[in-house]
Amino acid sequence: MKAVQMNEYGGAEVVMVVENADKPSIQPGQVLVEVYAAGVNPFDWKVREGMVRQMAELKFPGAILGGDLAGVVAEVGTEVANVQVGDEVYGLAGALSSHGSFAQFAPAAAGSIGVKPKNVDFTTAAALPLAGVSAYQALVETLHLTSGQKILIHGGAGGIGSIAIQLAKHLGATVATTVSVAGAGYVKGLGADVVIDYEKQSFKDELSDYDAVFDTIGGEVYAQSFEVLKEGGSIVSMSAAVDEALASAHKVTAYSQFTQATTERLAELTKLVESGAIKVNVDRVFSLDEADVALEYVKTGRPIGKVVIKVRD
Ligand SMILES: NC(=O)c1ccc[n+]([C@@H]2O[C@H](COP(=O)([O-])OP(=O)(O)OC[C@H]3O[C@@H](n4cnc5c(N)ncnc54)[C@H](OP(=O)(O)O)[C@@H]3O)[C@@H](O)[C@H]2O)c1
């Protein structure tokens, strides 16, 4: 099969497209997905560069990159009850498994895939799993965001932020978001009530008494975010470990999220997409042959929304 492989960690130069990779076999509890499209996340170039190798080492030579996928179930392993051969699905392959989704076929845990939303094509569906579940897990399950609350969402034009804005508005919250000037019109269109250009304005000077912050950035942005929260508020970060000292000084609750794309969360995301509450903007679509360019574009191209590799028609 055709696949995007690496034989060592590095930059764009280590990414190779091969035509004769072995079709992966599946373990109990897994399904083999014929990949129609694979979403590209910042995590994928971090895996490529070895930045997350402490979580799991890739198996060289021939490690296949990629997490997000949408496609059709080609084989079902033992101990799988939730899907059948021929089902249209989306979800996550193991981005650190060395058998990722940037390939014509990818194994995935049955518990990490769900039924694809019927109202979007495979390319759009592939943009949703990691970003959509990240937003759902944070806003619904951790923050329990409700109508009338105020939330600051950082990185509103990014993959996670753009879905989080729509979900927060759907839940009835007032949304402030930070973006660069290129994303300002986009996030207004998603329903953001307050738009802050992070390159010109200081969000901590503009906002106060917020119930919640969803931080997709980390570092100084995370530290300063505590200043906009009211007492009793909460912050979830995708990129920073919990700072207990800051949380206690501001009398707020801090969480650090590890996103897990489960079948149950994907089912909730599917409902939100099918009802029209959440739409995803696919900024650019690349072919499998252009995977090296796609990864660089996600790293440095400042996409608005998501980037997808289309694997087949
Ligand atoms: N913990 C987990 O389980 C988990 C899961 C998924 C993702 N993540 C992490 O979460 C982060 C966000 O993911 P993503 O897919 O949303 O990334 P993304 O699509 O690259 O979006 C990031 C956004 O942040 C904006 N940004 C950059 N610097 C900023 C600043 N100082 N203030 C406000 N916004 C800023 C960028 O805008 P410009 O391009 O205009 O600068 C971009 O739109 C990544 O680091 C990713 O690795 C963690």
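A straight chain from Met1 to Asp313 at 0.36 nm per residue would run longer than the Cα-Cα distance by 110.7 nm. In this simple spin-label model, placing a label point 7 Å from the Cα along the Cα-to-Cβ direction at both Ser202 and Thr78 gives a separation of 6.3 nm. Can you give the log10 of the normalised intensity I(q)/I(0) at q = 0.13, 0.16 Å⁻¹, computed with Debye over equal Cα scatterers of the range 180-313? Log10 I(q)/I(0), no solvent term: -0.77, -1.11. Computed from label points 7 Å out along Cα-Cβ, the spacing between Ala56 and Ala182 is 3.2 nm.
Placing R0 at 35 angstrom, the Cβ-Cβ distance between Val194 and Ser275 gives a FRET efficiency of 0.85 after rounding to 0.05. Working note: Karplus 6.51/-1.76/1.60 with θ = phi - 60° gives the range 265-275 the couplings 5, 5, 5, 5, 5, 4, 4, 5, 6, 5, 7 Hz, where Gly and Pro are set to x.
Measuring against 27 Å, Cα to Cα, the residue pairs Lys230/Lys306; Lys2/Lys59; Lys150/Lys299; Lys116/Lys169; Lys169/Lys306 contain Lys230/Lys306; Lys150/Lys299 as the ones spanning a longer distance. Electrostatic bookkeeping for Ser275 treats Lys and Arg as +1 and Asp and Glu as -1; over the other residues with beta carbon under 14 Å from its beta carbon, the sum is +2.
Relative to the longest principal axis of the Cα atoms of the chain, the long axis of helix 291-300 lies at roughly 10 degrees.
Calculate the FRET efficiency for Ser256 and Glu227 from the Cβ-Cβ distance with a Förster distance of 25 Å, rounded to the nearest 0.05.
Once the sixth-power term is evaluated, E becomes 0.85.
If you line up the long axis of helix 159-170 against the longest principal axis of the chain, both from Cα atoms, how many degrees apart are they, to the nearest 10? On a 0 to 90 degree scale, this one is about 60. Subtracting the Cα-Cα distance of Lys46 and His144 from 0.36 nm times their residue separation leaves 32.3 nm of extension gain.
Values of log10 I(q)/I(0) for the chain across q = 0.11 Å⁻¹ run -0.65, by the Debye formula with one identical scatterer at each alpha carbon and no solvent. Highest mean first, the peptides 215-221, 17-23 sorted by other C-beta atoms within 10 Å per residue fall in the order 215-221, 17-23.
Taken together, the values in this text are just the output of simple stated rules run on the coordinates, not laboratory data. Please read these numbers as outputs of a predicted model, since none were measured by experiment. Cβ coordinates were reconstructed from backbone atoms using ideal geometry, including for glycine residues, and neighbour counts include every protein chain displayed.
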